[in-house]
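A.B. asks: Below is one structure. I have some questions about it.
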Amino acid sequence: MLDIVGPAWNYILIRGLFSRTQPAMLSRFLSPGAALAIIVAACFLIEGAQYAGLYQAHYDPVDFVAYVSGVVPCYAIDRWSGGRRTSRVEG
């Protein structure tokens with residue numbers, strides 16, 4: 001389950017989607033597509049390192065599907081909702 005939720009949560013953190021009042025610093029510099037690419041690349045690199053035996057972990061090729069199945073819906077919702085949000089000052 002962490003293979004699905006972990007990348008999705010990292011996408012949410014990078015894009016600052018967890019807070020309406022305080023956007024994350026990185027969300028100003030990273031578009032939704034760039035954030036998706038970084039998260040997927042990092043997950044694939046980690047899984048590739050497991051396959052190569054660079055550290056003690058269990059390689060599972062199904063993890064590639066799990067990574068994408070969690071982060072792509074977050075990306076789609078982010079794009080559908082307008083990508084970069086603008087904050088309104090109320091007063």
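Laboratory data are not the source of any read-out in this text; all were calculated from the coordinates shown. Everything numeric here is computed off the predicted structure, so don't read it as measured data. Because the Cβ atoms are built from the backbone with ideal geometry, glycine has one as well, and the counts that use them run over all protein chains shown.
A.B. asks: Taking the simple approach of a point 7 Å from Cα along Cα-to-Cβ for both S69 and F44, what is their distance in nm?
C.D. replies: 1.9
A.B. asks: Say each of Y51 and M1 gets a label point 7 Å from the Cα, pointing the same way as Cα to Cβ; how far apart are those two points in nm?
C.D. replies: With each label point 7 Å from Cα toward Cβ, the separation is 2.8 nm.
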